[in-house]
Amino acid sequence: MRPPGHHAVRETPMGFCYLNNIAIAAAHALATGTKRIAVFDFDVHHGNGTEDILRDMPGAAFYSIHEYPCYPGSGGTNTRGNCFNYPVAPFSSRDDYRAALTKALEDLQQFKPELIAISAGFDAYANDPLANSPLETEDFHWIGAQLRALGTPMVSLLEGGYSDDLPELIFAYLKGINGK
């Protein structure tokens, strides 16, 4: 059985997420005065539920970097409008993964959000048991530093990560966000 995550809107054969916290946060931000919010998802699995909710939502844009093909099997291409996918093949190099992350952040910056909501998934870690991705601890620090460099207010929600090293990965990411 797959653990809860942000990948489905309700219990479905694809996942077990009843509430999509990042999409709820984005919708709330828009309803309370934020004009433009970007959701940046670096969980190893495609955020298909987030994409379904945010698709065509005025003022919102969704950027998902994920292993593909991988569960849930979606996200191989962009859908339409405001949802953008950056699939990375299983067993890709760290450089390839970072290139996809860089491209997504460049595109996100073009959107000019007032706020970035981050689906922070740490299951793209090389030692995570659920995927075949290459990232190391220093890559999560780099992701945090890249987000900090955008100079846009942000909020992060923990989405995934199933290795015993999860605390160190989160700490590295937070250090990057804090410029340390």
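The values are calculated or read from the model by the stated rules, or taken from the named source; none is laboratory data. Bear in mind the structure is a predicted one, so any value in this text is a computation, not a measurement. For neighbour counting, all protein chains shown are included, and Cβ atoms are generated from backbone atoms with ideal geometry for every residue, glycine included.
Note on segment 79-166: enclosed strands (runs of 3 or more DSSP E) holding 2 or more residues that are within 21 Å of Ile177 (Cα to Cα) are 115-121, 154-160.
Going through (1) on the phi < 0 side of the Ramachandran plot; (2) surrounded by fewer than 17 Cβ atoms within 10 Å (Cβ to Cβ) one by one, Leu147 falls short only on (2). Residues that are in a loop (DSSP other than H, G, I, E, B) and among the basic types (Lys, Arg) occur at least once in segment 44-56. Scanning segment 23-39 for residues that are under 21 Å from Gln146 (Cα atoms) and in contact with a helix residue (DSSP H, G or I) (Cβ under 6 Å, 6 or more places away or on another chain) yields Ile37, Ala38, Val39. Within segment 109-131, the set of residues being more than 18 Å from Leu157 (Cα to Cα) and either modelled with pLDDT of 95 or more or out of contact with any strand residue (DSSP E or B) (no Cβ under 7 Å at 6 or more places or on another chain) (or both) comprises Gln109, Gln110, Phe111, Lys112, Ala126, Asn127, Asp128, Pro129, Leu130.
Summed over segment 21-43, residues that are in contact (Cβ under 8 Å) with a residue 12 or more places away in the chain and surrounded by fewer than 24 Cβ atoms within 10 Å (Cβ to Cβ) total 8.
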